[in-house]
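A quick write-up on the structure given underneath.
The values are calculated or read from the model by the stated rules, or taken from the named source; none is laboratory data. Quick caveat: nothing in here was measured; it's all calculated off a predicted structure. Note: accessible area is taken over every heavy atom of the protein model, side chains too, but ligands, DNA and RNA are not part of it. Shrake-Rupley method; radii C 1.70, N 1.55, O 1.52, S 1.80 Å.
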Amino acid sequence: MKTVFLLCLLSVCAQAGPPFQTDDPQPIDFRHYEFYTFGTSDGTRVETDTAGPAVEFNWGALPNVHLHIIVPAAAIFPSGMGPRAFGIGDIELGVKYRFVQETKKRPMIGTFVMFEMPSGDAARGLGVGKTWYKLPIWVQKSSGPWTSYGGAGETIVRAPGYRSYPFAGALLQRDLGKKWTLGAEVFYHGPQGIATAQTRPATMVDVGGYYKFRDPGFQLLFCYGHTAIGQKENYAYLGLYWTWGNKSGSDVTTKNLMSLHTNG
């Protein structure tokens, strides 16, 4: 049983809106791209799991839609005498779709559907062994240097020892000058099954942000958090981020947004 502890949690780490666990509904611009290289750590008193080195790639395939993939190396470190393991983890695919645009009075609303593919070795604790899914709704509103977003959803898992569970998060962040953005979130997840260390629910408080070497093209991302209520758990994220794209694609998206804002 210990060899599969915390796999569900590892996957939660990989799904997060970097560097936070709460995601947002805003896809990248049409014909633009994002690339991350990162590592995460998530631990309880039973075990610490890491994902990294890992790479993430997002592609603005259509206006209001981007496609997503994460390919992680995964590791498990039991607190006791259980075996450690390292190797490829489950590959994550996703589609982010914004179906309500933000206006002065109306928040942005969207979803980010995830598909976790069973590429990791489940027998060694490096994969769940079956495809599973994450189905959320996210909402975002901005005002000057302040941005808030959050939402909730359900993780659907049909593998032995795991269970489907709800999750929810809310985040507030602020731009501090041209280089820094700092934020804090509250994130909740339900019990995840006897094959994980997350057998009880936990509500976590995380703080983190971005340092912009080049805005927005090159950034450092960081976050650390700990349980406030429920089962004791620690979360950490550190990564580098790049973005680039076709200017004409961005212009198309901007024109569409301006038209929708005017009509809205």
Between helix 247-263 and the chain: long-axis angle, C-alpha atoms, 0 to 90°, nearest 10: 70
Estimated [θ] at 222 nm from DSSP helical runs (n ≥ 4, -39500 (n - 2.57)) normalised by residues in the chain, nearest 500: -3000 deg cm²/dmol
Under 13 Å from the Cα of K130 - aspartates and glutamates, other chains or at least 8 residues apart: D90, E92, E116, D121
Largest-first ordering by accessible area, 1.4 Å probe, given options K212, K105, K130, K141: K105, K130, K141, K212
Share, in percent, of DSSP beta bridges within the chain that are antiparallel, nearest 5: 100
